[in-house]
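First comes the structure, then the notes that go with it.
The values are calculated or read from the model by the stated rules, or taken from the named source; none is laboratory data. Just so it is clear, the structure is predicted and the values come from calculations on it, not from any experiment. All Cβ positions, even for glycine, are placed from backbone atoms using ideal geometry, and neighbour counts span all protein chains on display.
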Amino acid sequence: MAGENQTSQEYILHHLQNMTFGKLEAGYERLNADGTVTVLDSDTWTMAHSAQEAADMGFMAIHVDSMLWSLVLGIMFIWAFRSVAKRATTGVPRGFLNFVEMSVEFIDSTVKDTFHYKNPWIAPMGLTVFFWVLLMNTMDLVPVDWLPWLAMQIGGEHTFFKVVPTTDPNITLGMAVAVFIMVIYYSFKEKGAIGFMKELSFHPFDPKAIIVLAPLFIVVNLFLEIVNLIAKPISLGLRLFGNLYAGEMIFILIAIMFGAGAIGLLAGVLQWGWAVFHILVIVLQAFVFTVLSVVYLAMAHDSEEH
């Protein structure tokens, strides 16, 4: 809940700010909590004490909380599924083993329905992406103040701590760029450099049928296809970020209501209601990200001549 000395605006901004580690240049003036100013004598790698400091750290700054939770949840997924795989038997599966087998079969059937080529990496990639994104999204169901409050006790009053990695565009776009790199790699591998360039330059037109206007079609089509190619990872990452960011914002706004007397009772009802609805969003967005990744990779394998 909001601190006693925090306004609603300060509370919201505090929850939306990442724990940022980066470099402040020599001569930078840092505003302290007591209102005094400290001038840095040399370049200093440090934690940001404010949103302005985080912005001033520039591109090389790292969102520690996003990286921490994404790695922890990724390791949890690997450990859990590896443990189940080691215990798997030919008998009737039960408990968590049954859940894992059903999940693997679900992802496998989804990939087979979308990806009609032979590639041993696609189904494992789909399984990993789905559960990794699902776990990161699920952190949105943890009450917004619990883990930040714990981090505050450990790190002090200037500690920022976001616990939902997918509300950080650096994480979602980073995953999307990884998929994009795979798309480019398989486009060259399956179609060849010439075939891929022909697709970008002429698709969906027949080069032989438009040989007279070829220069014009190449320029226009190349521009449109490159824009379409670049838009895929951007839309993939921003779609996931936007949906989870909006959900987290609603949880924060509901949390503010708890300090408003009798309205706090309504906040409790709203919180549970939104959490139940948000479960659908959490699963759906993980599924959408996975399916679109597989679809883009299937398009990269499509070497059919047009």
Is it the case that Ser66 is in contact with an Asp or Glu (Cβ under 7 Å, 6 or more places away or on another chain), modelled with pLDDT of 95 or more, among the polar types (S, T, N, Q) and surrounded by 11 or more Cβ atoms within 10 Å (Cβ to Cβ)?
yes
Which of the residues spanning segment 122-141 are in contact with a Leu (Cβ under 9 Å, 6 or more places away or on another chain) and either outside any helix (DSSP H, G or I) or farther than 13 Å from Thr290 by Cα (or both)?
Leu135, Met136, Asn137, Thr138, Met139, Asp140
Which of the residues that make up segment 91-136 are under 19 Å from Val183 (Cα atoms) and of a type in the set (Val, Ile, Thr)?
Thr110, Val111, Thr114, Ile122, Thr128, Val129
Which one of Ile226, Ile234 is exposed (fewer than 15 other Cβ atoms within 10 Å of the Cβ) and either touching a Phe, Trp or Tyr at 6+ places or on another chain (Cβ under 6 Å) or modelled with pLDDT of 95 or more (or both)?
Ile234
Checking Ser303 against (1) surrounded by 15 or more Cβ atoms within 10 Å (Cβ to Cβ); (2) in contact with an Asp or Glu (Cβ under 9 Å, 6 or more places away or on another chain), which single condition isn't satisfied?
(1)
Out of Ala286, Ala246, Ala275, Ala267, which single residue is more than 21 Å from Met136 (Cβ to Cβ) and assigned to a helix (DSSP H, G or I)?
Ala267
Flag for Val142 being modelled with pLDDT of 90 or more and more than 25 Å from Ala298 (Cα to Cα):
yes
Hand me the list of helices (runs of 4 or more DSSP H) wholly inside segment 13-117 holding 2 or more residues that are under 30 Å from Asp302 (Cα atoms) and either free of Cβ contacts under 8 Å to residues at least 24 places away in the same chain or not aromatic (Phe, Trp, Tyr) (or both).
95-114
Based on what the data block shows, is Val144 surrounded by 14 or more Cβ atoms within 10 Å (Cβ to Cβ), outside any helix (DSSP H, G or I), at negative phi and among the aliphatic types (A, V, I, L, M)?
yes
Select from segment 80-121 the residues that are in contact with a helix residue (DSSP H, G or I) (Cβ under 6 Å, 6 or more places away or on another chain) and β-branched (Val, Ile, Thr) and list them in ascending order.
Val84, Val100, Ile107, Val111, Thr114
Please tell me if Asp168 is within 24 Å of the chain's Cα centre (by Cα), charged (D, E, K, R) and modelled with pLDDT under 95.
no
Residue check, Gly155 against (1) within 13 Å of the chain's Cα centre (by Cα); (2) more than 30 Å from Ser303 (Cβ to Cβ), all met but one. Which one?
(1)
